[in-house]
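Notes for the one structure printed next.
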Amino acid sequence: MGDPLYADGINQAVILIVLGKLLVVFAFLMVSVLFMVWFERKVISDMQSRIGPDRAGPWGLLQTLADGIKLFFKEDLLPDRADRRVFHLAPYLSIVPAFAAFAVVPFGGTISIAGHRTQMQLADPPVGVLFLLAMSSIAVYGIMLAGWASGSKYPLLGSVRASAQMVSYEAAMSLAVAAAVLSAGSLSTRDIVNSQGVYRWNLWILGVVPFVVYLIAATAETNRPPFDLVEAEQELVGGFHTEYSSISFALFFLAEFMNTVTVSAVAVTLFLGGPNGPHIGFLPDLWPVVWFLGKLLCFLFVYVWFRATLPRFRYDQLMDLGWKKLIPLSLYWLLLIAALRIGRDQGWAWYYVLGGGVAVGAVAWGGLNAALRQGDAVRTAA
Amino acid sequence: MGYLDGFRITLKQMWGDRVTNVYPDEKRPKPDRFHGRHVLNRYEDGMEKCIGCELCAGVCPARCIYVRGADNPPDEPVSPGERFGFVYEINYLRCIHCDLCVEACPTEAITESKLFEFSFTDRQDAIYTKAELVVDDDGNPQKLPWEDWRPGDEQHTSAWVRATAPSGSAAYEGRVGWSGELGFGVRAPEKGQTAETDRAASAAPRKAKS
């Protein structure tokens, strides 16, 4: 379908509206990062019987702003052995994908501005989900180049870990996302949202498994605890951004939290019905935004909860979870959903399809376990 | 549900008590025998207790006390006896607040207040002289501009907090001997003790303080 804004051709007003939406999304992301940092610190200190930041502004709300201003005024250091140009480029390679990924997230319904109908979403390309996956893959470059260009060993180790981790979990995440795409029959994020009802979310339609896989993979993808091996302080100092200071460091920090907000927004879009919610009489344009933000907040809370609760994974445990558990599981689930869908279209009895699927799954699971055992045996012998 | 127990615990903590004190705004109560900055006490008639014997300077492990005694001027005596503390200086850059000076003092002249929140911008300010250490005419410690006194802090500055009796014998612990202090008079014995504590009572196991 696409955005109705472009239906009558592109003129000055349309361009102005697009620029306006761009500004709104940019401002929203910046403010949400400020809020997210504060929210994370507050919630985690609540969970640890502390008070958390409470000096700057009411309830410490301006703490992040104060930290940001401090960072911007600090000296920008360049390590002796750093590759100058790549070193300065890397933070931007990290933050631009984080911004860009949010562009395809629908955060409201359709509204009218000066006689033009437009969706509350920066862009609605027909390949929205592919765009999301592409952006989250490109984000690896920022981190990899930052570690490599620092000319220092801890950042390099951190960035090698980060790349391996992000590439590994990319697969599981894509398969989970593919399930949502399969159910909507479209790659457009708006279509995926429209295919879900007010309460009939993909979370229930697909069975909870793709959602859980996405949740875990997204946590790993954003390098958040318990998968924050990339910046394991005990082992790697600060990880890939050890050598960064001042604005460059602030940009990495910004990108990290922006990624958290973005993957949460994507999860809300793909699995929780995005801005769908019960209709309320007054202010019909406002409520979808409220539903979207509410769901987003719940999701962000879950991430902070993870961080407060779970200890960090060991590197081999991380890889085991990604390759040996999440990828086979989400692959199997995708095939099962596909089989059920084909069965429905062909008019087969659903219990035969399900039974067959479970049987195939059991066989595959046994085979996988046997293979893993064999692999362990070979490794132990060698 | 081994994996999920942790989530329940962290969630429950959100509504639990906070352990943080909002420090400069609220302070936690200090222990009875807290060792803070010193004061030089005076008798009820306004005479100084210090006799310039230099025992405090001698016992000081950090060597932060400097005392010079002098003969009392006969027509205008500073202390009741023959001698008085002519110069009395404590260097707070060296003091470790061990309270040994307080234990050594035969006249309970030097004691410690509960004040520890004082800082200097100058090395000279770190050396407290008699002008700063001697209590004022109400018997209270002087409140210097760089010190953070709160109401009630000056109430527990006397010899009353000594671990042992002025005689040095632990058996006389808690007995009020000398303390006829300017502004306070003879103070009641320390909490949990009585003036009549005898050897048997002090030998018996002490009840836990509530």
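The values are calculated or read from the model by the stated rules, or taken from the named source; none is laboratory data. On a predicted model such as this, the values are computed, not experimentally measured, just so you know. As a convention, Cβ positions derive from the backbone with ideal geometry for all residues, glycine included, and neighbour counts pool all protein chains shown.
Considering only the range A:204-248, state which residues are among the β-branched types (Val, Ile, Thr), part of a helix (DSSP H, G or I) and touching an Asp or Glu at 6+ places or on another chain (Cβ under 8 Å).
Answer for the range A:204-248, where residues must be among the β-branched types (Val, Ile, Thr), part of a helix (DSSP H, G or I) and touching an Asp or Glu at 6+ places or on another chain (Cβ under 8 Å): just A:ILE247.
Quick check, is A:THR260 out of contact with any strand residue (DSSP E or B) (no Cβ under 6 Å at 6 or more places or on another chain), crowded, with 22+ Cβ neighbours inside 10 Å and under 15 Å from A:PHE107 (Cα atoms)?
Answer is no for this residue.
Rundown of residues vs (1) of a type in the set (A, V, I, L, M, F, W, C); (2) closer than 30 Å to A:ILE51 by Cβ, yes/no style:
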site: B:LEU4; (1), (2): yes, yes
site: B:THR10; (1), (2): no, yes
site: B:THR20; (1), (2): no, yes
site: B:PRO29; (1), (2): no, yes
site: B:PHE86; (1), (2): yes, no
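Take the residues in the range A:274-302 that are in contact with a helix residue (DSSP H, G or I) (Cβ under 6 Å, 6 or more places away or on another chain) and not aliphatic (A, V, I, L, M); name whichever of them is nearest to the other protein chains (Cβ to nearest Cβ).
Step one: list which residues in the range A:274-302 are in contact with a helix residue (DSSP H, G or I) (Cβ under 6 Å, 6 or more places away or on another chain), which gives A:274-275, A:277, A:280, A:295-296, A:299-300.
With the extra rule that they be not aliphatic (A, V, I, L, M), the set shrinks to A:274-275, A:277, A:295, A:299.
Working: A:GLY274: 26, A:PRO275: 27, A:GLY277: 25, A:LYS295: 19, A:PHE299: 15 Å.
Step by step, filter the range A:274-302, then rank; the result is A:PHE299.
What number of residues within the range A:127-148 satisfy the criterion of being among the hydrophobic types (A, V, I, L, M, F, W, C), surrounded by fewer than 24 Cβ atoms within 10 Å (Cβ to Cβ) and part of a helix (DSSP H, G or I)?
Residues meeting the conditions: 10.
Out of B:GLY6, B:GLY52, I need the residue that is within 14 Å of another protein chain (Cβ to nearest Cβ) and either among the small types (Gly, Ala, Ser) or buried (at least 17 other Cβ atoms within 10 Å of the Cβ) (or both). Which one?
B:GLY6
Do we find that B:VAL22 is β-branched (Val, Ile, Thr), part of a loop (DSSP other than H, G, I, E, B) and in contact with an Asp or Glu (Cβ under 9 Å, 6 or more places away or on another chain) in this structure? Spell out the reasoning first.
Numbers: β-branched (Val, Ile, Thr): yes; part of a loop (DSSP other than H, G, I, E, B): yes; in contact with an Asp or Glu (Cβ under 9 Å, 6 or more places away or on another chain): yes.
Against the criterion (β-branched (Val, Ile, Thr), part of a loop (DSSP other than H, G, I, E, B) and in contact with an Asp or Glu (Cβ under 9 Å, 6 or more places away or on another chain)), B:VAL22 qualifies.
What's the number of the only condition in (1) basic (Lys, Arg); (2) under 30 Å from B:PRO145 (Cβ atoms); (3) loosely packed, with under 13 Cβ neighbours inside 10 Å that B:LYS114 fails to meet?
Condition (3) is where B:LYS114 drops out.
If you scan the range A:312-358, which residues turn out to be exposed (fewer than 14 other Cβ atoms within 10 Å of the Cβ) and either assigned to a helix (DSSP H, G or I) or within 21 Å of the chain's Cα centre (by Cα) (or both)? Let's see the steps before the verdict.
First, the residues of the range A:312-358 that are exposed (fewer than 14 other Cβ atoms within 10 Å of the Cβ): A:314, A:316-317, A:342, A:344-347, A:349-352, A:355, A:358.
A:ASP316, A:GLN317, A:ILE342, A:ARG344, A:ASP345, A:GLN346, A:TRP350, A:TYR351, A:TYR352, A:GLY355, A:VAL358, listed by residue number.
For the condition part of a loop (DSSP other than H, G, I, E, B) and either touching a residue at least 60 places away in the same chain (Cβ under 8 Å) or away from chain A (no Cβ under 14 Å) (or both), what is the one hit in B:ARG68, B:ARG33? Write out each step before concluding.
On the way: B:ARG68 fails: part of a loop (DSSP other than H, G, I, E, B).
Exactly one residue qualifies, and that residue is B:ARG33.
So which residues in the range B:14-29 are exposed (fewer than 11 other Cβ atoms within 10 Å of the Cβ), within 9 Å of chain A (Cβ to nearest Cβ) and out of contact with any helix residue (DSSP H, G or I) (no Cβ under 9 Å at 6 or more places or on another chain), if there are any at all?
B:ASP17, B:VAL19
Say we look at the range A:232-286 and pick out the residues that are aromatic (Phe, Trp, Tyr) and either at pLDDT 80 or above or under 20 Å from the mean Cα position of the chain (by Cα) (or both); which of these is nearest to A:ALA179 (Cα to Cα)?
A:PHE271
Can you go through A:LEU251, A:LEU300, A:LEU293 and tell me which one is within 30 Å of A:GLU75 (Cβ to Cβ), of a type in the set (A, V, I, L, M) and not in a loop (DSSP other than H, G, I, E, B)?
Criteria check complete, one pass: A:LEU251.
In the range A:106-147, what count of residues is obtained for those that are within 13 Å of the chain's Cα centre (by Cα) and either closer than 30 Å to A:HIS279 by Cα or not aliphatic (A, V, I, L, M) (or both)?
Here the count works out to 5.
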